[in-house]
Amino acid sequence: MAEKACSECHRLVEESTECPIDKNNDLRSNWSGLAVIYDPEDSEIADKLGVSVAGRYAISVR
């Protein structure tokens, strides 16, 4: 199964039908860009993306 991105938080999900963060089931396969956030509290990129949980995120989800 290919990775899909949550339409709300942009979290990348591989083997699930639901986002583990916001429990949204609107996962999309049309996404681009990748950001890996290890420490969201000290990350400027996480702040710009609105990310508060470490993980892999899509930059753009269509």
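A short reminder: the numbers here are calculations on the coordinates, not readings from a lab. Not measured: the values here are computed from a predicted model. FYI the Cβ positions are ideal-geometry reconstructions off the backbone, even for glycines, and counts take in every protein chain you see.
Here is a check on your reading of the model: is Gly50 over 9 Å from the mean Cα position of the chain (by Cα) and touching a residue at least 40 places away in the same chain (Cβ under 8 Å)? Let's see the steps before the verdict.
Details: over 9 Å from the mean Cα position of the chain (by Cα): yes; touching a residue at least 40 places away in the same chain (Cβ under 8 Å): yes.
For Gly50, the condition - over 9 Å from the mean Cα position of the chain (by Cα) and touching a residue at least 40 places away in the same chain (Cβ under 8 Å) - is met.
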Boolean, Arg11 is under 10 Å from the mean Cα position of the chain (by Cα) and of a type in the set (Lys, Arg): yes
Residue in the range 18-26 that is of a type in the set (A, V, I, L, M, F, W, C), touching a strand residue (DSSP E or B) at 6+ places or on another chain (Cβ under 9 Å) and exposed (fewer than 13 other Cβ atoms within 10 Å of the Cβ) present: no
All strands (runs of 3 or more DSSP E) inside the chain with 3 or more residues being of a type in the set (Gly, Ala, Ser): 31-37, 55-61
